[in-house]
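The values are calculated or read from the model by the stated rules, or taken from the named source; none is laboratory data. Being a predicted model, the structure only gives us computed values, none of them experimental. FYI the Cβ positions are ideal-geometry reconstructions off the backbone, even for glycines, and counts take in every protein chain you see.
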Amino acid sequence: MQDRRKINKCCMLYSICVFDAATHPQIGNLADITPQGAMIEGQAAITAEKPIQLRLELTPDITNKPLVEFPTQRKWYHPQV
């Protein structure tokens with residue numbers, strides 16, 4: 001099957017936890033990332049289609065910054081079977 005991606009996704013070499021920056025629970029783990037967006041895999045769904053502030057907690061293996069926060073918006077959601 002032909003890959004329809006315009007930009008190749010980046011395979012994650014590290015497990016990066018994704019948190020809700022406002023309420024602090026873990027939402028999931030970063031599965032892949034492109035300049036246009038990212039895929040987060042987790043048990044809980046980001047239900048609102050409104051902007052949400054996310055936080056990635058980073059390790060010294062990746063960067064010298066302990067975390068990065070950024071606004072994002074859910075574009076689609078698909079539950080895992």
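Being exposed (fewer than 15 other Cβ atoms within 10 Å of the Cβ), assigned to a loop (DSSP other than H, G, I, E, B) and at pLDDT 80 or above is the requirement here; does THR47 meet it? Working first, answer last.
Details: exposed (fewer than 15 other Cβ atoms within 10 Å of the Cβ): yes; assigned to a loop (DSSP other than H, G, I, E, B): yes; at pLDDT 80 or above: no.
In short, no.
Name the single residue, out of those in the range 50-59 being assigned to a strand (DSSP E or B) and closer than 20 Å to TRP76 by Cβ, that is modelled with the lowest pLDDT.
Restricting to residues being assigned to a strand (DSSP E or B) and closer than 20 Å to TRP76 by Cβ, the top hit is ILE52.
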